[in-house]
Structures are given as structure tokens and as C-alpha cells.
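K.L.:
Below you will find the structure I want to go over with you.
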Amino acid sequence: MVGEQMLSLVPTWANSYSEFWNTIRRRNMWLIKLRYGAILMLFLFLASAEFILGLSFTRTQITALIIVNISILIYNIFLQWVRKFLKCDPGKFNPLHFSLVQMILDLTVLGLIVYFTGGIETPLFMLFVFHMIIGSLILPEKVIYSIAGLVIAFFNVLVFGEYLGVIPHQKISGLLSFPLYNSIKFIISYDVVFTFVIVVSVFIANNIAKQLYSMEQQLVESLDKLNAAEEEKQKYIIGIVHEIKTPLAALHSYLDLVLKKYLGPLSEGVEERLKRALSRSQEAIEMINNVLKVSKLRLLDEISMDVVEIYNVLVEIVKKHAVSLKAKHIMLNLIDQRTERRPIKGDQFLLDIAFSNLIGNAVKYVGNNGLIEVKLTERENKLSVEVCDNGIGIPAHEMDKIFMDFFRASNIRQKSYEGTGLGLSIVKQIVEKHGGTISVKSPSRLAIKNKPGASFLITLPVIER
């Protein structure tokens with residue numbers, strides 16, 4: 001039964017939506033920070049009210065308010081500590097329940113503060129409205145309306161209890177020229193306005209929150225549909241590529257049989273051409289296998305974990321670009337600044353794709369007579385690989401979009417460079433699958449006039465010894 005009640009606090013669509021939980025956690029932290037400010041303000045109010053405002057408190061009031069303030073400090077420190085261990089599990093105690101606990105504690109101590117600072121005569125009653133607005137942005141509709149009802153009930157019990165003499169009135173000397181707690185007209189007027197403000201504030205704030213949550217729900221549903229479409233697309237690619245691979249593999253086998261002269265002798269010219277055809281068919285099969293591997297990465301998160309020496313991977317990539325480097329008179333420096341070459345664990349094929357993409361982009365966009373540096377460093381069990389150039393760079397306002405699917409920077413489109421805009425997105429996915437990070441800077445440290453360049457920094461965990 002308890003589990004069901006806890007679960008009912010969380011919208012079904014938000015169960016696994018990380019941004020929803022992050023928002024609730026942030027708002028919980030706001031309350032904790034605001035509470036420290038409230039503690040300080042209450043302390044300053046008690047210390048300076050008599051000297052600045054000419055107010056005086058009884059010994060009972062001062063003692064009670066000091067105890068309340070210390071209590072707020074203690075439970076606020078405790079809440080801040082507990083917050084670190086909260087899990088975003090809808091079926092267990094989570095940040096949403098934590099918000100409810102904070103709200104109940106705050107309203108309880110606020111009720112005590114209001115009572116010991118004059119009841120209906122204190123302006124601190126308006127803080128109830130502030131708390132109701134905050135609660136409406138976090139808690140579900142039924143919960144916050146229930147709390148609002150309790151606040152209104154507390155108000156009525158307090159003010160009418162003081163009016164009837166059932167509850168002792170805690171007067172602050174010097175605040176008012178004449179008492180108001182025993183004026184029935186004032187009490188009824190205040191009660192009507194207070195109730196109206198509480199209800200309307202909760203209604204407006206909760207409706208705004210519901211609209212925002214509704215938009216988030218639609219966003220989650222759209223993302224789910226996009227992910228489903230992407231999954232279907234990857235399945236379709238895998239199916240089609242498998243179909244293409246079958247006749248190519250058969251062709252490769254037939255060529256191999258002919259070259260082994262099972263079907264008779266071959267002339268030198270024919271044999272040479274058949275060897276080239278065999279080589280090309282093998283390249284095509286390898287390319288298909290690579291496409292399958294990338295599709296499975298995106299569909300199934302399948303990667304192998306072998307021991308990989310990144311420097312050797314980079315050397316082979318540089319060799320592949322040797323012709324382009326020479327043709328465009330580009331200088332590419334591969335610099336290894338590590339004191340020891342510790343390998344990493346990962347999928348060599350996928351890592352080759354990632355670094356080939358970065359180095360290939362640098363070669364493509366650096367232009368004739370450009371400079372590229374690929375630098376390896378290691379610090380605190382992290383391998384860092386920087387691919388830096390002095391090419392066309394990336395516009396500052398587009399830096400945050402560079403790793404998005406199908407995004408191509410405006411300066412690349414204007415100069416009609418070929419590409420799909422998927423390369424850097426795939427690079428980021430590969431790096432993150434290996435527990436690493438990727439960042440970009442532009443201008444780079446190699447920037448020259450009219451050529452700002454770009455610098456991509458990848459960090460990957462090394463194998464500890």
C-alpha cells in the first residue's frame with residue numbers, strides 16, 4: 001500500500017525521464033539554499049528588531065524562536081546530507097517524496113514562527129503563499145491542494161482560537177498601536193482574503209506546472225517515437241546490408257575458385273584482373289561488415305572490449321591519409337608525450353572509426369599548406385588525444401550543436417563540402433560507449449589569421465597497472 005502511494009506521486013510518463021528527476025532535484029536544492037537564508041534573516045530579525053524597529057519580544061517568544069531557528073538549521077543540514085543518497089526510483093522514497101517532506105517541515109516551523117510573532121498580526125503570514133507557490137511547481141495537484149486546505153485550516157484554528165481566548169496571543173510590543181487579533185471584522189476579512197490568495201496562487205502555479213509537465217510528456221513521447229523509428233531504421237539497414245552481403249560473398253568465393261585454377265589455367269593478364277576483382281570484393285565485404293557493426297552499436301549497444309594501443313591505431317590512420325596530405329601539402333605531426341604507453345580497453349574497429357573521422361575532417365577542412373597536430377598525453381589514468389588544426393574552424397554560436405545528428409556547420413555548407421552531418425555524432429557515441437568524453441574548441445591553439453581552426457579533445461580511461 002505504501003509503495004502504491006509513493007508511486008502515485010510520480011507521473012507515469014516521468015518514471016524513466018531523467019530531466020524530470022533532475023528538475024525536482026534542482027528545486028529541492030533551491031529550498032535548502034533558501035532555508036539557510038531564512039535562518040540568517042530570522043536571526044538578524046531577533047537581534048536587531050528592538051534597536052531598529054523598536055519591537056520587543058517576551059522571553060517565551062525569544063526562547064521559542066531561537067529553538068525553532070536552531071531546529072531549522074539542524075534539519076536543513078540533515079536534509080542536505082540525505083539528498084545525496086536519494087535514488088530516482090518511483091517505487092521507493094525519491095526526490096518527489098523528499099520535496100513533500102521539506103514542505104511539511106517548512107510549513108510546520110512557519111506555523112510556529114507565525115504564532116510566536118503575533119499570529120494574525122504578523123506580516124509573516126504571507127510566507128504561506130510563497131510556500132504554496134513553490135509546492136505547486138513540484139507536487140501533484142491532489143497533494144498540494146490537500147496541503148493548502150491544511151494551511152487554511154491552521155489559519156482558522158489559530159486566529160479564531162486566539163480570538164476566543166483558547167490559544168494565548170503572543171503579542172509583539174511596538175508592532176501595532178492597537179490589537180487586531182480580537183477584532184472579528186478584521187479576522188473575517190483577513191480570513192477571506194488569505195483563503196482566496198492561497199487557493200488562487202495554488203491554482204495558477206499548479207496549472208502552469210501542469211502545462212510544463214504536459215509539454216515535457218509530449219517531448220518524451222516524441223523522443224520515444226524517434227528512438228523507435230531509429231531502431232526500425234537500423235534493423236532495416238542490417239537486413240538490407242545482409243542481403244547485399246550474400247551475393248558479394250558468393251562472388252568472392254567464385255573468384256577465389258577461379259584464381260586457384262580449379263576451373264583451368266588462366267592467362268597472366270586475366271589472373272591479374274581477377275586478383276584485383278577479388279581484392280575489391282573483399283574490401284566491399286569488409287565495408288559491409290563495418291556498416292553492420294556500426295548499426296549494431298546504435299541498435300544493440302554491442303561493442304567488444306579488447307586491449308588497444310591507440311598510438312598504433314593513429315599511425316595506421318595517418319598512413320591511410322598519406323596521399324591526401326602530400327597532395328594538399330599538409331603537415332601532420334603525431335606527437336606522443338606519454339612517459340609510458342598504457343593501452344586502453346575497447347573496440348579497435350569503432351575507435352578507428354572515431355579517430356579516422358576526426359583526422360579525416362581535419363585533412364578535409366584545413367586546406368592547402370595547413371597544419372594538423374595529433375597529440376597524446378596521459379594524466380590520472382586518463383589518455384587524452386587532441387586533434388588540432390588551423391582550418392576553417394567552427395562558428396562560436398554553433399559549437400553546442402556540433403555533435404547533433406545531421407548537423408553541419410554553416411561555414412561548411414557555404415563552401416559546399418560534402419558530408420551528411422552524422423560523423424561527429426557517431427564519434428561522440430563511440431567515445432561515450434568507451435567511458436570517455438569529447439570536447440571541442442574553436443579557435444584552436446594553432447589558429448592563424450583568417451583560419452581559426454578547431455581542436456577536438458578525447459579522453460579515455462587507460463588500463464591501470
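K.L.:
Toward the positive end of the charge dipole of the chain, about the Cα centre and with charges on Cβ (Lys, Arg +1; Asp, Glu -1), which of Pro179, Gly393, Pro140 goes farthest?
P.N.:
Gly393
K.L.:
So, taking all protein chains as they sit and a 1.4 Å probe, how much accessible area belongs to Phe78, in Å² rounded to tens?
P.N.:
About 120 Å², ignoring ligands and nucleic acids.
K.L.:
How large is the Rg to Rh ratio of region 326-413 when both quantities use alpha carbon positions and Rh follows Kirkwood?
P.N.:
1.00
K.L.:
Give me the extension gain from Lys382 to Ile104: residue separation times 0.36 nm, minus the current Cα-Cα distance, reported in nm with one decimal.
P.N.:
That pair, Lys382 and Ile104, stretches by 95.5 nm at full extension.
K.L.:
Next question, about the same structure. At a temperature of 4 °C and a viscosity of 1.567 mPa s, determine how fast the chain diffuses translationally according to Stokes-Einstein, using the Kirkwood radius over alpha-carbon pairs as Rh; express D in µm²/s, rounded to the nearest whole number. Intermediate values should be presented prior to the final figure.
P.N.:
On the way: Rh = 28.8 Å.
In µm²/s, the coefficient rounds to 45.
K.L.:
What does a probe at Phe130 reach in region 55-73, counting residues whose amide N is under 20 Å from the point 7 Å along Cα→Cβ?
P.N.:
Inside the label zone: 65-73.
K.L.:
By how many nm would the segment from Met29 to Lys275 lengthen if fully extended, with 0.36 nm per residue of separation less the alpha-carbon distance?
P.N.:
My answer for the length gained is 81.7 nm.
K.L.:
On the accessible surface of the chain, probed at 1.4 Å, how many percent belong to carbon and sulfur atoms?
P.N.:
62 percent
K.L.:
I would also like to ask the following. Would you mind getting me the FRET efficiency between Leu150 and Glu221? Use the beta-carbon distance for r and R0 = 35 Å, nearest 0.05.
P.N.:
The calculated FRET efficiency here is 0.50.
K.L.:
For the chain, what's the relative contact order in percent, using C-alpha pairs closer than 8 Å and at least 6 residues apart? Let's see the in-between values first.
P.N.:
On the way: 531 pairs, mean separation 45.7, N = 465.
Computed over the chain, the figure is 10 percent.
K.L.:
Moving on to the next point. Mind running the shape call on region 75-118? Use the C-alpha gyration tensor, a ≥ b ≥ c as the square roots of the eigenvalues: rounded below 1.5 for a/c, prolate if a/b tops b/c, oblate otherwise.
P.N.:
oblate
K.L.:
Taking 60 Å as R0, compute the FRET efficiency from the Cβ-Cβ separation of Trp81 and Asn369 and round it to 0.05.
P.N.:
For R0 = 60 Å, the calculated efficiency reads 0.50.
K.L.:
What nm distance separates the two modelled labels at Phe43 and Glu309, each placed 7 Å from Cα along Cα→Cβ?
P.N.:
6.1 nm
K.L.:
Hey, another quick one. For a Förster distance of 25 Å, can you work out the FRET efficiency between the beta-carbons of Ile335 and Glu230, rounded to the nearest 0.05?
P.N.:
Efficiency computed from Cβ-Cβ geometry: 0.10.
K.L.:
Using the alpha-carbon atoms, what tilt in degrees (0 to 90, nearest 10) does helix 423-433 show relative to the longest principal axis of the chain?
P.N.:
The helix 423-433 is inclined about 70 degrees to the chain.
K.L.:
³J(HN,Hα) across region 92-99 via Karplus (A = 6.51, B = -1.76, C = 1.60, θ = phi - 60°), whole Hz, x for Gly/Pro?
P.N.:
Per residue, the Karplus-derived 3J(HN,Hα) values read 10, 5, 9, x, 6, 5, 4, 4 Hz.
K.L.:
Now a separate question. Quick one: accessible area per residue over the chain, 1.4 Å probe, rounded to a whole number of Å²?
P.N.:
Solvent-accessible surface per residue comes out at 56 Å².
K.L.:
Determine the alpha carbon to alpha carbon distance for each of Lys345/Lys428; Lys382/Lys433; Lys382/Lys449; Lys87/Lys428; Lys84/Lys401 and list only those over 23 Å.
P.N.:
Lys382/Lys449; Lys87/Lys428; Lys84/Lys401
K.L.:
Okay, moving on. Would you be so kind as to identify which of Thr108, Leu263, Leu219 lies farthest towards the positive end of the dipole of the chain, taking Lys and Arg as +1 and Asp and Glu as -1 on Cβ and the Cα centre as origin?
P.N.:
Comparing the listed Cα positions along the dipole, Leu263 ranks first.
K.L.:
Something else now. Could you put Arg27, Arg59, Arg341 in order of accessible surface area, largest first, with the 1.4 Å probe and the full protein assembly present?
P.N.:
From most exposed to least exposed: Arg59, Arg341, Arg27.
K.L.:
Considering the dipole of the chain built from charges on the beta carbon (Lys and Arg +1, Asp and Glu -1) around the Cα centre, which of Met305, Phe355, Phe98 is farthest to its positive end?
P.N.:
Checking the options against the dipole of the chain, the answer is Phe355.
The values are calculated or read from the model by the stated rules, or taken from the named source; none is laboratory data. Everything numeric in this text was worked out from a predicted model, so none of it was measured. Counting neighbours? That spans all protein chains shown, and the Cβs are built from the backbone with ideal geometry, glycine included. The protein model used for the area step is the full one, side chains on, heavy atoms only, and it has no ligands, DNA or RNA in it. Shrake-Rupley method; radii C 1.70, N 1.55, O 1.52, S 1.80 Å.
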